[in-house]
1. Please find, among LEU99, LEU103, LEU112, the residue that is within 18 Å of TYR241 (Cα to Cα) and either among the acidic types (Asp, Glu) or in contact with a Gly (Cβ under 8 Å, 6 or more places away or on another chain) (or both).
2. Would it be correct to say that VAL226 is aliphatic (A, V, I, L, M) and either under 28 Å from VAL91 (Cβ atoms) or modelled with pLDDT of 95 or more (or both)?
3. From GLY203, GLY234, grab the single residue that is surrounded by 14 or more Cβ atoms within 10 Å (Cβ to Cβ) and either part of a loop (DSSP other than H, G, I, E, B) or not hydroxyl-bearing (Ser, Thr, Tyr) (or both).
4. Counting only residues that are among the hydrophobic types (A, V, I, L, M, F, W, C) and assigned to a helix (DSSP H, G or I), which one in the range 187-198 is least open to solvent (accessible area, probe 1.4 Å)?
5. Part of a helix (DSSP H, G or I), closer than 18 Å to ALA229 by Cβ, open to solvent by less than 50 Å² (accessible area, probe 1.4 Å) and of a type in the set (Val, Ile, Thr) - does that describe any residue in the range 163-186?
6. Would you mention how many residues in the range 128-156 are over 30 Å from ARG224 (Cα atoms) and open to solvent by less than 20 Å² (accessible area, probe 1.4 Å)?
7. Which strands (runs of 3 or more DSSP E) does the range 279-374 wholly contain that include 2 or more residues that are at pLDDT 65 or above and over 17 Å from GLY250 (Cβ atoms)?
8. Evaluate the following for ALA104: is it under 24 Å from VAL164 (Cα atoms), of a type in the set (A, V, I, L, M, F, W, C) and open to solvent by 10 Å² or more (accessible area, probe 1.4 Å)?
Amino acid sequence: MPALGIILEGLLAALEAGVPGDECRPTIVLREGAVVDTCPRARGEGIEIGISSSEAAMRCPGIRAVECDLVRYGPRAEIFAAAAADVSPGVEMISPGHLMIDLARGEDPLALVCELLVRLPPDLGHSLHIGYGPGKVLADVALGAAGRGFGEVRHLEGRAARVVAIRAEGSEGLLASLSPAFSQLIPGDISRDLAHLGLDRFGDVARISEELLRERFGPGWARRLVSWARGRDGTIVTGNYPPPRRVREGEVENWTSTAIEGFLVQCCRDLAEELDRESLVAKRMSLWLSGEDGGWERGQREFSGPRRRQMALISALRRLWNDRGVMYPKRFRIEFSGLRPGELEQVSILGGKRNRREILAELVEDLDRKFPGEIARWGEDAGSCRRERMLELWDPLRGR
């Protein structure tokens, strides 16, 4: 299926540029030793996305390089990805600011990009790189070529965009002059091995027999490399945005803190039952709270192992609630993310013995459902009560 790749340049570097006292210094963002974003000044100095940090330092000796901070860049990347999800159901986030989009046959990729740009704030990023091809990998090769100055410059919705298109007609045209290293989807060791063999361009790979490549890379990679070099690409965009999650959100009235906590616990219990019905486990839980000023504060719990049990999830929610920064929230959002299928267990039709830990967990859940308020608690995830914490300091019956 045809695919479209987009990089919004300046999306990340805008958070790093303009440091007080250092506003005019060109800034780049690095990931695994390669440039993944630039500010306008760095782009003006000839810095291109995809080149190494050492080459960037040679082109611009006074450049300031910062490592990619995925957590810090997350909110800006979300704006970009959410706009793409509004115009296409098939969006794959390769990295912050780097998206692959599934194209329907005959769909105009530039018209889709224009629809996306209309949904973005005008100050988000300073330019675009656009690449499209018969499949995801070749579209990403075209995207990498656009970042290195190939293709033509177009102006879309007031933004400069460099566009490269790879057709499926074979390797006689543009594709023959492009390098496998242009794609982030082809492992770096494969690209380096090809370069060491003198196969720097897809045109070189197309002239080599698959049998010779098989000896070095194995049958799978040999077949893929030959197909891509000849303009055939069957790879498809794997939609991973928005990521799978389960959410409950809403508003609360002027309730007491205890009433709000009870309501949140019930929402958490409903989500846990939903996970159980779908045989899913969650890796993390987030509690978002908003007060009078409308701003959001978030608490997050990353579990040591994926969880689905009601008591474990409710206990985590209570801890997040007790650590909250908003005293009297007006709005809330509970979110389970990092979802994946839970492990399936063999069930004995002859009534074999059940795991004691599993029986106890179910018993605690049943008691909590019948008598809410953590009257019975699972010790692994339950915090100690105040009395027990005081007795830990001095207990006359324990002699200390």
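The values are calculated or read from the model by the stated rules, or taken from the named source; none is laboratory data. These figures come from a predicted structure and were not determined experimentally. Here Cβ is always computed from backbone atoms with ideal geometry, including for glycine, and neighbour counts include all displayed protein chains. Ligands, DNA and RNA are excluded from the accessible area calculation, which covers all protein heavy atoms including side chains. Shrake-Rupley method; radii C 1.70, N 1.55, O 1.52, S 1.80 Å.
1. Values: LEU103 fails: either among the acidic types (Asp, Glu) or in contact with a Gly (Cβ under 8 Å, 6 or more places away or on another chain) (or both); LEU112 fails: either among the acidic types (Asp, Glu) or in contact with a Gly (Cβ under 8 Å, 6 or more places away or on another chain) (or both).
Being within 18 Å of TYR241 (Cα to Cα) and either among the acidic types (Asp, Glu) or in contact with a Gly (Cβ under 8 Å, 6 or more places away or on another chain) (or both) holds for just one of LEU99, LEU103, LEU112, which is LEU99.
2. Answer is no for this residue.
3. The unique qualifying residue is GLY203.
4. Result: LEU194.
5. Taking every residue of the range 163-186 in turn, none turns out to be part of a helix (DSSP H, G or I), closer than 18 Å to ALA229 by Cβ, open to solvent by less than 50 Å² (accessible area, probe 1.4 Å) and of a type in the set (Val, Ile, Thr).
6. Residues meeting the conditions: 1.
7. Numbers: elements: 280-290, 296-307, 331-337.
Where strands (runs of 3 or more DSSP E) fall fully within the range 279-374 and carry at least 2 residues being at pLDDT 65 or above and over 17 Å from GLY250 (Cβ atoms), they are 280-290, 296-307.
8. Against the criterion (under 24 Å from VAL164 (Cα atoms), of a type in the set (A, V, I, L, M, F, W, C) and open to solvent by 10 Å² or more (accessible area, probe 1.4 Å)), ALA104 qualifies.
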